[in-house]
Amino acid sequence: GEDVEQSLFLSVREGDSSVINCTYTDSSSTYLYWYKQEPGAGLQLLTYIFSNMDMKQDQRLTVLLNKKDKHLSLRIADTQTGDSAIYFCAEGDSSYKLIFGSGTRLLVRP
Amino acid sequence: DSGVTQTPKHLITATGQRVTLRCSPRSGDLSVYWYQQSLDQGLQFLIQYYNGEERAKGNILERFSAQQFPDLHSELNLSSLELGDSALYFCASSVAGTGSGNSPLHFGNGTRLTVT
């Protein structure tokens with residue numbers, strides 16, 4: 001069945017790059033998303049990538065997609081303390097719902 | 001601010017009770033989705049409505065029901081509440097009937113339900 005997996009925790013120093021990884025199982029996924037959740041808030045859409053793309057860059061964010069390995073990553077350059085949050089990877093196909101991973105908690109140390 | 005409004009922000013109630021969660025989608029969005037976020041189950045898709053009609057069902061219990069009204073706001077009704085129903089309930093909306101890249105889901109800030 002459909003499944004999205006992420007590591008649970010990542011700790012980096014302020015100014016370093018963060019790389020959050022995600023694997024998914026559904027080969028019919030058409031879009032893959034990254035959402036950010038700060039404490040007490042909802043999920044904020046960060047970026048998404050269409051499945052026929054390899055890479056997408058948006059300011060400090062770089063998304064890499066390896067469709068063969070069903071592996072997605074989110075790189076945050078120059079990570080700031082304000083980037084501390086939970087990051088969710090999600091896959092969407094031609095159906096009507098997104099399947100979310102369990103989220104990666106990013107802690108940015110000063 | 002995503003433009004999706006959920007009320008109330010917090011709800012505390014007792015087992016066996018019934019509650020209603022409300023969601024107003026972003027202006028122009030026709031689809032509303034409900035998700036449940038709990039510590040042990042993560043984010044689970046419950047149900048989707050598109051322009052007033054039920055479009056897709058996920059892991060929604062029979063004790064739960066939802067509807068979307070002509071003005072496109074939606075309500076999620078939870079009845080015969082159990083301790084395990086304590087969770088964050090999120091509403092999301094999108095323009096189209098599918099959560100595609102050019103019609104991504106935008107989430108509200110959620111309603112935190114505590115069942116005691």
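Among the criteria (1) open to solvent by 10 Å² or more (accessible area, probe 1.4 Å); (2) more than 10 Å from chain B (Cβ to nearest Cβ), the one A:Ile76 does not fulfil is (1). Scanning region B:12-34 for residues that are under 14 Å from B:Asp85 (Cβ atoms) and open to solvent by less than 90 Å² (accessible area, probe 1.4 Å) yields B:Thr13, B:Ala14, B:Thr15, B:Gly16, B:Val19, B:Thr20, B:Leu21, B:Trp34. Taking the conditions exactly as written (open to solvent by 30 Å² or more (accessible area, probe 1.4 Å), farther than 25 Å from A:Ser29 by Cβ and within 11 Å of chain A (Cβ to nearest Cβ)), does B:Asn59 satisfy them or not? It is false that B:Asn59 is open to solvent by 30 Å² or more (accessible area, probe 1.4 Å), farther than 25 Å from A:Ser29 by Cβ and within 11 Å of chain A (Cβ to nearest Cβ).
In this structure, A:Val4 does satisfy being within 10 Å of chain B (Cβ to nearest Cβ) and open to solvent by less than 70 Å² (accessible area, probe 1.4 Å).
Of the candidates B:Leu72, B:Leu78, B:Leu113, the single residue that is out of contact with any helix residue (DSSP H, G or I) (no Cβ under 7 Å at 6 or more places or on another chain) and among the hydrophobic types (A, V, I, L, M, F, W, C) is B:Leu72. Within region B:62-83, the residues that satisfy the criterion of being out of contact with any strand residue (DSSP E or B) (no Cβ under 8 Å at 6 or more places or on another chain) and surrounded by fewer than 13 Cβ atoms within 10 Å (Cβ to Cβ) are B:Glu62, B:Pro70, B:Asp71.
Applying the set (1) touching a Phe, Trp or Tyr at 6+ places or on another chain (Cβ under 7 Å); (2) open to solvent by 60 Å² or more (accessible area, probe 1.4 Å) to A:Leu64 leaves exactly one unmet item: (1). Filtering A:Gly15, A:Gly42 for residues that are on the phi > 0 side of the Ramachandran plot, open to solvent by less than 70 Å² (accessible area, probe 1.4 Å) and either in contact with a Ser or Thr (Cβ under 8 Å, 6 or more places away or on another chain) or of a type in the set (A, V, I, L, M, F, W, C) (or both) leaves a single hit, A:Gly15.
Applying the criterion of at least 2 residues that are within 21 Å of B:Asn109 (Cα to Cα) to the strands (runs of 3 or more DSSP E) found wholly in chain A leaves A:31-37, A:43-50, A:85-92, A:98-100, A:104-109.
The values are calculated or read from the model by the stated rules, or taken from the named source; none is laboratory data. Not measured: the values here are computed from a predicted model. Every residue, glycine among them, receives a Cβ derived from its backbone with ideal geometry; neighbour counts consider all protein chains shown. Just so you know, the surface numbers come from the protein's heavy atoms only, side chains and all, with ligands and any DNA or RNA stripped out. Shrake-Rupley method; radii C 1.70, N 1.55, O 1.52, S 1.80 Å.
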